[in-house]
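Right, one structure below, let's go through it.
The values are calculated or read from the model by the stated rules, or taken from the named source; none is laboratory data. Keep in mind it's a predicted model, so treat the numbers as computed, not measured. As a convention, Cβ positions derive from the backbone with ideal geometry for all residues, glycine included, and neighbour counts pool all protein chains shown. Just the protein is used for accessible areas: all its heavy atoms, side chains included, with ligands, DNA and RNA removed. Shrake-Rupley method; radii C 1.70, N 1.55, O 1.52, S 1.80 Å.
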Amino acid sequence: MAETKHNPANKTRRTGFKKRDLTGWFIMLPTILLFAFFVWEPLIESIRLSLYTAKGIRLQEFVGLQNYAKVLKHPDFLAAFSNTFVYILWSIIIGFFVPIVLAILITETTFFKSFFRVGIYFPNVMPGLAMVLMWGFFFRPGNTGVLNIILEKIGIAPQIWLTNPKWTIPLIVAVMTWKGAGSTAFIYMAGITNINPELYEAATIDGAGILERMRYITIPNIFALGKTLLILQIIAVFQIIYEPLVMTNGGPNNASISIMQLVYNYAFRDFNYPMAAALSVMMSIVLIILSGMYFKFTASKED
Amino acid sequence: MKKMKRLVSMLICILLVATTLVGCKKNETSAVGATTEGVTAGVPAAAPAEKFQIKLGIWPEDTLTDDVKLHEGYVKTFNEKHPNVEVIPAYYKYATDTFVSLAESGNLPTIFDTWFTEPQKLINGGFVADITDELKARGWDTAMNPSIRDMLSKDGRIYGLPRDGYALGLMLNVELFEEAGLIDANGYPQYPKTWAELAETAKTIKDKTGQAGFCLLAKDGAGGWHFSNIAWGFGATFTLEKDGKYVANVNSPEAIAAMDYVKSLKWDYDVLTADPTNEDWGTGFGALGTGTAAMYMAANDAVNQPTQVNGLPVDKLSIVPIPAGPKGQYSLSGGTPYMFSKDATPEQINAALDYLEIMGKAPVATEVAIAGMKADDQNKVNNNVPVIPRFPCWVDQKVLDAEKAVTEEYSNVDMKLYNDYFNLIKTNGNLRAEEPGSAQDLYAELTKVLQAVITDKNADIPALMKTANDNYQEMLDQKVNK
């Protein structure tokens, strides 16, 4: 590596271009092979699968877009589709702002800063499934749920939590935020630390209070970062599955079923792989669009 | 120096690629191993004395040491007759998320047991072997209870063998009945005879003991499965057949009445467990066994669940008849099947069937089979599991008599706690197989309605049942009406 540094850049480019390329390809080769085998081939295969009927995963006959039509007409599709957007909506309301607030609060903290930093990141260390199971115990209705035991101590009647269809999704999103907010807050904290401290100094000298410093310096400076993270968040929430799967199994009455869970149901409950593939393909189209938006945003940020 | 560096970096790259390929290679060799295994298994077709293997998915899990010992004994007996067959324990607990990958990769055990819900799905998916010829050669096909045989057949071909038959009854936690004072002069629980009585009994239990009177399931398809049995008593039939097509009939007044009844259990009597939407088949037995619910709809083939698994004393369990509804009394019945891997050769299937005979699970009353039944019952006695008669999944009288004799010999419970149940299911017209059409989709729809009704006091039942009806019709049209 040191060697290449000493070389004049243009000389290498002219003489050793192909050879250098070759090394690069060689370095990438194992990854490319693995990607081809574990990612691209299955991707293409599932597009193919979505156009056939199948026994298990053995293709039977070509049926065109029939599986797609079946998915669209399936009783659970509409619920799963709209729920997914409700998840996204709630995740923006709850999940998007919490990390920003946490990040600002912690950067403004003078004492115990690292304590708080570790504190908000701590839930992230937990394995996802364990966390979901744990919150399942918290949310149990009746006298045995942890939250209800706490409520009882302060004299409030037990609540039914997740079994109230109106509250199911917000509560699941709250749990996801509890786990995920810490790591996102770290990214914002890094963003805030990157802001030139002289701006704050100048503002303080001009007599700006904490709210004004935030309004005119912090928020504008992390705005671009926020846009990027928002899109990433939407992409992630679009694929939500195990939280509702474990906490509510999509219920009550489909109040929390997500598209991914529907894919899971098609594949692993009904053994209907073509329909699962069809829905996955539909979903990946949406995700490709979202990812395209993400690249556009990040590109314009660099300009 | 520069050349040297380039050489080294090239070498390292090649090494990287090579290691990756070696990783693949390893997979290939193991796949080859699997095929050779298949080949050796296939060879005996020509030369029967050749060695081959059978993989037993019905092997007990490692933690059940007594059961493992029991099976080791079976293997000994088996190998005396079949010295050329290597028995490989391959404990497999059927699960929908592991099954297809095992089947498609050819790693399915030769024989495995699955859920009563699965046979048709597995047959349609081509995952299981057609064992009609093997059964016919033994005469076992006619020995099978016809309604159970139908469940395991498609187009006249048989794909499975009943491990146990079941008919839903009402399981009681006798301890809670005693605590609530619901005991007659002889010390037996005063169980409810009708669904209306069940609500009252459950209320008494809830008031006196603080525990739930009845465990209703509403988490997954099992909820709809139980509900369909309740609704039959109210006169409902969910699937009609018209001109060779299935027609959904979910929102009949009878079915709505049954749903109203379930609603009253939650909102008028308040006798259910804290969160029915989180109760499934397994947690229901947990609630019953640990005494947080007094009554639960369950069958004779699952008596080990509350006792051995969840710690209820063996003499505190009772199964009583399913309560009668205003329009009749029906017990949902079916069978838990043994099925065979699609890759199994006839020799392997025959060997596995012989193994079942040694376990005493086959329709023969040979000495070996009876020894197997005895060993099984002795093991139940040792493990706090009630020894009660099996549901007759075979119709061969000799087998039934032999089973009866063995069960009586090893009986460890007071049969008065079970007799009413067994008498009812022998009554003509009481047993009813699950709804035709697409039962799993029906159950899924019913479960959604149950969830809505349990969680919303003001749920509009006729509207919910109408939606369920439309959805079920859609699934019927997609899947079976062609």
So, for the protein assembly as shown, what is the accessible surface per residue at a probe of 1.4 Å, expressed in square angstrom?
48 Å²
List of segment A:18-62 residues, accessible area with partners at least 40 Å² below that of the chain alone (1.4 Å probe)
A:THR23, A:PHE26, A:PRO30, A:LYS55, A:ARG58
What list of whole percents do you get for P(r) of segment B:316-451, with Cα-Cα distances grouped in 10 Å bins up to the one holding the largest distance?
10, 28, 33, 23, 6, 0
Roughly speaking, to the nearest percent, how much of segment A:69-302's 1.4 Å accessible area is carbon and sulfur?
71 percent
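Before we go on, tell me the buried accessible area for the B/A pair, both chains summed, 1.4 Å probe, in Å² to the nearest 100.
Values: alone 21820 and 19270 Å², together 37720 Å².
Looking at B and A, the buried total is near 3400 Å².
For segment B:324-421, what is the relative contact order in percent, using Cα pairs closer than 8 Å and at least 6 residues apart in sequence?
On the way: 70 pairs, mean separation 20.2, N = 98.
In percent, rounded to a whole number, it is 21.
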Mind jotting down the distance between the C-alpha centroids of segment B:413-482 and segment A:228-265, whole Å?
27 Å
Does anyone have the angle between helix B:439-455 and the longest principal axis of chain B? Alpha-carbon axes, 0 to 90°, nearest 10?
50 degrees
Run the reach check for B:LYS404 against lysines, Cα to Cα strictly under 20 Å, same-chain hits fewer than 8 apart removed. What comes back?
B:LYS361, B:LYS374, B:LYS380, B:LYS416, B:LYS426
Straight-line reach from B:LYS3: which aspartates and glutamates have a Cα under 17 Å away, not including same-chain ones fewer than 8 places off?
A:GLU3, A:ASP21
To the nearest 10 degrees, how steep is helix B:221-233 against the longest Cα principal axis of chain B, on a 0 to 90 scale?
40 degrees
Output the relative contact order of segment A:69-302, whole-number percent, from Cα pairs under 8 angstrom with separation of 6+ residues.
28 percent
Quick one: which of B:272-282, A:285-295, B:212-222 comes out on top by average Cβ neighbours within 10 Å, and what's the full order, highest first?
B:212-222, B:272-282, A:285-295
Rg/Rh for chain B, where both radii come from Cα atoms and Rh is the Kirkwood radius:
1.05
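On the protein heavy atoms, probe 1.4 angstrom, tell me the percent of accessible surface of chain B carried by carbon and sulfur.
Here it works out to 54 percent.
Using the Kirkwood radius over Cα pairs, work out the Stokes-Einstein diffusion coefficient for the protein assembly as shown at 25 °C and 0.890 mPa s, in µm²/s as a whole number. Numbers along the way, then the final one.
Values: Rh = 30.4 Å.
Rounded to a whole number, D works out at 81 µm²/s.
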Here the whole-number average of other chain Cβ atoms within 10 Å per Cβ of A:71-79 is 3
Sorted by accessible area (1.4 Å probe), largest first, how do B:PHE340, A:PHE97 line up?
A:PHE97, B:PHE340
Could you tell me the center-to-center distance, by alpha carbons, between segment B:192-215 and segment B:60-115 in angstrom?
42 Å
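Tell me which DSSP H helices of chain A clear both cut-offs, 18 Å or more of axial length from alpha-carbon atoms and a mean Kyte-Doolittle hydropathy of at least 1.6. Write out the running numbers ahead of the final one.
Values: long enough: A:17-35 (26 Å, 0.76); A:77-90 (20 Å, 1.51); A:113-125 (19 Å, 0.41); A:165-194 (43 Å, 0.72); A:219-238 (27 Å, 1.88); A:273-302 (42 Å, 1.13).
For chain A, where a helix must reach 18 Å along its axis and average at least 1.6, the hits are A:219-238.
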Could you rank B:ASP67, A:ASP76 by how accessible they are, 1.4 Å probe, largest area first?
B:ASP67, A:ASP76
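Return the calculated 222 nm mean residue ellipticity for chain B, to the nearest 500 deg cm²/dmol, obtained by summing -39500 (n - 2.57) across DSSP H runs with n ≥ 4 and dividing by the residue count.
On the way: 18 runs with 236 residues, N = 482.
The helix-only estimate for chain B comes to -15500 deg cm²/dmol at 222 nm.
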Quick check on my link table: of A:LYS166/B:LYS121; A:LYS55/B:LYS81; B:LYS448/B:LYS482; A:LYS166/B:LYS203; B:LYS136/B:LYS327, which ones sit more than 32 Å apart, alpha carbon to alpha carbon?
A:LYS166/B:LYS121; A:LYS55/B:LYS81; B:LYS136/B:LYS327
